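> The structure's right below; bear with me while I get my questions together.
Just so it is clear, none of the values below were taken in a lab; they were calculated from the coordinates. This one's a predicted model, so the numbers in the text were calculated from it and none came from an experiment. Every residue, glycine as well, gets a Cβ built from its backbone with ideal geometry; the counts of neighbours run over all protein chains shown.
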Amino acid sequence: MNLEPLLRLDRVIHEKGRMGIMSMLAASADLSFTELRDALEMTDGNLTTHIRTLQEAGYVSVTKSFQNHRRLTTCSLTRAGRRAFANYINLLEEVVRQSKPKPP
Amino acid sequence: MESNWAAEHLQAIRTLMERSALYRRALAPVMTANGVLGALAAAIGLMARVEAPRAFLGYWMAVALAAVAGSFLLARRQALKDAEPFWSPPTRRVAQALAPSLFFGFVLGLLLAALEPALRPGAGAALGLFWLPLVWIALYGCALHAAGFFMPRGMKIFGWALVLASSLLGAIGAFGFLEEWIRPPLFGHSLMGLVFGLAHLAYGIYLYFTERRGNEP
């Protein structure tokens, strides 16, 4: 088994909570803080911490606005975030592919 | 061992991406616009005395087509505004879930309109102005329930509510309770206006106030 793809996995994404956030955002143009929190069943504090980490890595952008007189926080993937997530998926697929028995 | 772990990760990612891709586009405007259309159509139908079964069927099928076309236009408008593709995977899934029940309801309307002259006058009126609206509502409820698997949770509840209301009214009608009130054509237009008008309007207003609530931690 070649462990090289495993070693190349992005450590920022390769954490359960952050992988969940990246997966959700990869399938949507943007998601609100509430939608992410409810879908991933995270606490406010936990989600805030993970989003901050992803923001610092340049993978997620956060927009704050007002709607119906309430503050609304929306998150979306940056171009770098989409690229990093695509690489992460490719590496996982590589690991799965390598493990399949080669045809004789 | 590593491959199992990687496969599990990929599966988790796929599940999360599917969950994230729920259809949310223009739900409040679509519900509100359809509510206004349904309520207006019922009022016009009652005032213009659209009472013959065939006229009633044709009238409400035309309203339904207008509602479907209007919904597509509203969803397309929001997609253009947000610079997103209109025929996105969530939109496709919702359309596919809605299609069978709506199609069957439309075919049923056409068949009844075609067969109505051959029926006894009382039977035609009862089928066209009482039973078919109930079946339409139940089918519409089934369509919303099916689409609800790709939409926010409230849609499935709305679908179930329509199916239950239709069943209850059917039972009341079948056993002859409230005969004075449940009488075509007043019942047909009133029921269509109540369900396709006021219920949609109420749900649309609810969505306006609950979608994207303030969400600061």
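> Compute the length gained on full extension between A:Leu9 and A:Thr43: take 0.36 nm times their separation in residues and subtract their Cα-Cα distance, giving the result in nm to one decimal.
9.6 nm
> Just want the ordering: B:Phe149, B:Phe106, from fewest to most Cβ atoms lying within 10 Å of their own Cβ.
Exposure proxy ranking, most exposed first: B:Phe149, B:Phe106.
> Answer with one residue from B:Met31, B:Tyr140, B:Leu46: the one whose Cα lies farthest towards the positive end of the charge dipole of chain B, charges on Cβ with Lys, Arg +1 and Asp, Glu -1.
B:Met31
> Hey, got the dipole for region A:4-95? About the Cα centre, +1 on K and R Cβ, -1 on D and E Cβ, debye to the nearest 20?
Dipole size: approximately 380 debye.
> Step through the residues of region A:83-94 one at a time and calculate ³J(HN,Hα) from phi using the Karplus curve (6.51 cos²θ - 1.76 cosθ + 1.60, θ = phi - 60°), rounding each to whole Hz and writing x for Gly and Pro.
So the J values, rounded to whole Hz, are 5, 5, 5, 4, 4, 4, 4, 4, 5, 4, 5, 4.
> Could you work out how far apart the two model spin labels at A:Arg79 and B:Ala99 are, taking each label as a point 7 Å from the Cα in the direction of the beta carbon, and quote it in nm?
A separation of 3.7 nm, rounded to one decimal place.
> Can you pull the one-decimal nm distance between simple spin-label points at B:Glu8 and A:Ser99, each 7 Å off the Cα toward Cβ?
The answer from the label model is 0.9 nm.
> What residues qualify as long-range amide H neighbours of A:Thr78, i.e. H under 5 Å apart, gap of 5 or more or another chain, H built at 1.01 Å from N?
A:Val60, A:Ser61
> So, one more: When the dipole is taken about the Cα centre of the protein assembly as shown, and only Lys, Arg (+1) and Asp, Glu (-1) are charged at their Cβ, what size is it in debye, to the nearest 20?
Approximately 540 debye in magnitude.
> Quick one: angle between helix B:27-47 and the longest Cα principal axis of chain B, in degrees between 0 and 90, rounded to 10, please.
Here the helix axis deviates by roughly 0 degrees.
> Here's something else I'd like to know. When the dipole is taken about the Cα centre of chain B, and only Lys, Arg (+1) and Asp, Glu (-1) are charged at their Cβ, what size is it in debye, to the nearest 20?
300 debye
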